[in-house]
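Enquirer: Quick one: the structure is below, questions incoming.
Nothing in this text is a laboratory measurement; each read-out follows from the coordinates by a stated rule. The structure displayed is predicted, hence computed values, not measured ones. FYI the Cβ positions are ideal-geometry reconstructions off the backbone, even for glycines, and counts take in every protein chain you see.
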Amino acid sequence: MKPGGGKAKGTKAENDVLKILEDELNWKLTRNKNQSARGGRDLSEDTDRHQQIINWSIEIKHQARESLNQWWAQTVRQAMDCGRKPVLFYRGNRQPWRVALAPNDINPSAWPVRRDESYVILSLRDGLQFLREES
């Protein structure tokens, strides 16, 4: 990978998901450009364009090697820090986007107890449908 390639790839992934969420859900978001220094979710509400509050803490990963358990743990920590529900958008190279959500957020009656290590993987289409209905 060329120097700075990982950062550029991450930026592109964040911009891609930001556009998907704006086009599909009409969420007005902005990238958290200082997340690597301060930590925190990758996308947050763009209050300059809209006063909409999104109850999800969004993490985005695009890497060749999948580290889903590690990514999910980071997503949950960041969600807890800002009092929101965790959602992870991820993909490998030449792979489609996937969405990971907590089972408790999908169906609290079936999974009444939140377990930080548990997640359900959905296709992008199904993940967007769920987020659309929950918004």
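Enquirer: Ranked by Cβ crowding within 10 angstrom, fewest neighbours first, how are 27, 111, 71 ordered? Mind showing how you got there, number by number?
Expert: Working: 27 21, 111 15, 71 18.
Fewest-to-most Cβ neighbours within 10 Å comes out as 111, 71, 27.
Enquirer: While we're on this one: Residue 43's amide H: which non-local residues (gap 5+, or another chain) put their own amide H closer than 5 Å, with H modeled 1.01 Å from N in plane and none for Pro or chain starts?
Expert: Correct list: 32, 58.
Enquirer: Using θ = phi - 60° and the Karplus relation 6.51 cos²θ - 1.76 cosθ + 1.60, list the HN-Hα couplings for segment 88-100 in order, rounded to whole Hz, with x at every Gly or Pro.
Expert: My calculation for segment 88-100 gives 10, 9, 8, 7, x, 4, 6, 10, x, 5, 10, 10, 10 Hz in order.
Enquirer: Just the number, please: percent antiparallel of the DSSP beta bridges in the chain, rounded to the nearest 5.
Expert: 65 percent
Enquirer: Quick one: order 105, 23 by neighbouring beta-carbon count within 10 Å, fewest to most.
Expert: Ordered by Cβ neighbours within 10 Å, fewest first: 23, 105.
Enquirer: Sort segment 5-134 into rounded, prolate or oblate with this rule: let a ≥ b ≥ c be the square roots of the eigenvalues of the Cα gyration tensor; rounded if a/c is under 1.5, and if a/c is not under 1.5, prolate when a/b is larger than b/c, oblate otherwise.
Expert: rounded
Enquirer: Which of the residue pairs 7/28; 12/33; 9/33 have a Cα-Cα distance greater than 18 Å in the structure shown? Intermediate results must be reported in sequence, preceding the final value.
Expert: Values: 7/28 23 Å; 12/33 12 Å; 9/33 14 Å.
Violating the 18 Å limit, Cα to Cα: 7/28.
Enquirer: Also, I was wondering about something else. Stretch residue 20-residue 132 to full length: gain in nm at 0.36 nm per residue minus the Cα-Cα span?
Expert: 39.1 nm
Enquirer: In the neighborhood of residue 129, defined by Cβ-to-Cβ distances under 15 Å, what is the net charge if each Lys or Arg adds +1 and each Asp or Glu adds -1?
Expert: Once all neighbours under 15 Å are counted, the net charge is -3.
Enquirer: Short version: ³J(HN,Hα) in whole Hz for each residue of segment 12-18, in order, from phi by Karplus 6.51 cos²θ - 1.76 cosθ + 1.60 (θ = phi - 60°), x for Gly and Pro, what are they?
Expert: Computed from phi, the couplings for segment 12-18 are 4, 4, 4, 5, 4, 5, 4 Hz.
Enquirer: While we're on this one: Taking the Cβ of residue 106 as the center, what net charge do the other residues with Cβ under 14 Å away carry, scoring Lys and Arg +1 and Asp and Glu -1?
Expert: Counting the neighbours of residue 106, the net charge comes to 0.
Enquirer: Quick check: the distance between the Cα centres of segment 96-135 and segment 52-86, to the nearest angstrom?
Expert: 12 Å
Enquirer: Further, regarding this structure: Using amide H atoms built 1.01 Å from N in the peptide plane, name the residues 5+ places from residue 29, or on other chains, whose amide H lies under 5 Å from its own.
Expert: Long-range HN contacts for residue 29: 46.
Enquirer: Please arrange 14, 117, 66 by counting, for each residue, the other beta carbons lying within 10 Å of its beta carbon, fewest first.
Expert: 117, 66, 14
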